[in-house]
1. Going by how many other beta carbons lie within 10 Å of each one, how would you line up Leu80, Leu69, fewest first?
2. How far apart, in nm, are the 7 Å Cα→Cβ label points at Arg106 and Lys47?
3. Work out from phi, with θ = phi - 60° and the Karplus expression 6.51 cos²θ - 1.76 cosθ + 1.60, the ³J(HN,Hα) of each residue of the stretch 34-43, listed in order in whole Hz, and give x for Gly and Pro.
4. Hey, what did the chain get for relative contact order, percent, Cα under 8 Å, at least 6 apart?
5. Taking θ = phi - 60°, what integer Hz values does the Karplus form 6.51 cos²θ - 1.76 cosθ + 1.60 yield along the stretch 115-129, in sequence order, with x for Gly and Pro?
6. Hey, what do the phi angles of the stretch 59-69 turn into as Karplus ³J(HN,Hα) couplings, whole Hz, using 6.51/-1.76/1.60 and θ = phi - 60°, x for Gly and Pro?
7. What nm value, rounded to one decimal, do you get for the distance between Asn34 and Lys137 when each label is placed 7 Å out toward the C-beta?
8. Using a 10 Å cut-off on Cβ atoms, rank the peptides 7-16, 104-113 from the highest mean neighbour count down.
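Every read-out reported here was derived from the displayed coordinates using simple, explicitly stated rules and does not represent laboratory data. Predicted model only: the values in this text are computed from it and were never measured. Quick reminder, even Gly has a Cβ in these numbers, built from the backbone with ideal geometry, and neighbours come from all protein chains shown.
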Amino acid sequence: MANLRNSGKKTVFTNGCFDILHAGHIKLLASAKNLGDFLVVGLNSDKSVKRIKGPHRPLNTEKDRAAVLSGLESVDAIVLFGQDTPLQLIKLLRPAILVKGADYGRNEIIGSAYAGKTVRIKLVPGRSTTAVLKKMKFPAINPQGIRRNGIKKTA
C-alpha cells in the first residue's frame, strides 16, 4: 500500500459480506473504483458474517465469495478480515478514499478518521441480499414453518 501511495495512486477501500452478489454490489464496487486507481475490498470472514448476520449465513464460503469478487473488473485486491468491523484494516491501509453505501450515516461509517476522504454511494433501490433471500423465502428471513431443506411444513 505504501508503494501505491508513494506512486501517487489513489487507493479506495470498501468492505462487506458480499454473500449473494447482486446489482447493488456491482454498482457500489464500480462506483468505488471510479473514485481512484486501486480498489481494495475488505471481505468479512465466515465467522464474522455469522456473528453479524446470524446462524444461517453466510450462504457462500469466504473462499467462494472472494473468488466471485476477484472476477470483477473493478476489484483490484481482496483482504479477508475476521473482526465485526474493518476498523483495524482501515487503520493499517489508510486509504485515500473510504466508500460505504448511503444507507450508512456519515457518523456511522467506521474508520473514516483513517481515510483521506469518505464517500457514500447511493444504493440501488430494492437490491439487497436480504431482498433476494426474502424472494427465495430463505429460512433466516422467515424461519417459521420452514424445514432445514427449505420445504414448507404442512399441517
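1. Numbers: Leu80 16, Leu69 19.
Fewest-to-most ranking of Leu80, Leu69: Leu80, Leu69.
2. 3.7 nm
3. 5, 7, x, 9, 9, 9, 9, 10, x, 10
4. 24 percent.
5. Karplus values, whole Hz, x for Gly and Pro: 10, x, 8, 10, 10, 9, 9, 4, 7, 7, x, x, 10, 7, 4.
6. The phi angles translate into 7, 10, 5, 4, 5, 5, 4, 5, 4, 5, 4 Hz.
7. 3.9 nm
8. Values: 7-16: 18.7, 104-113: 13.3.
Peptide ranking by packing, descending: 7-16, 104-113.
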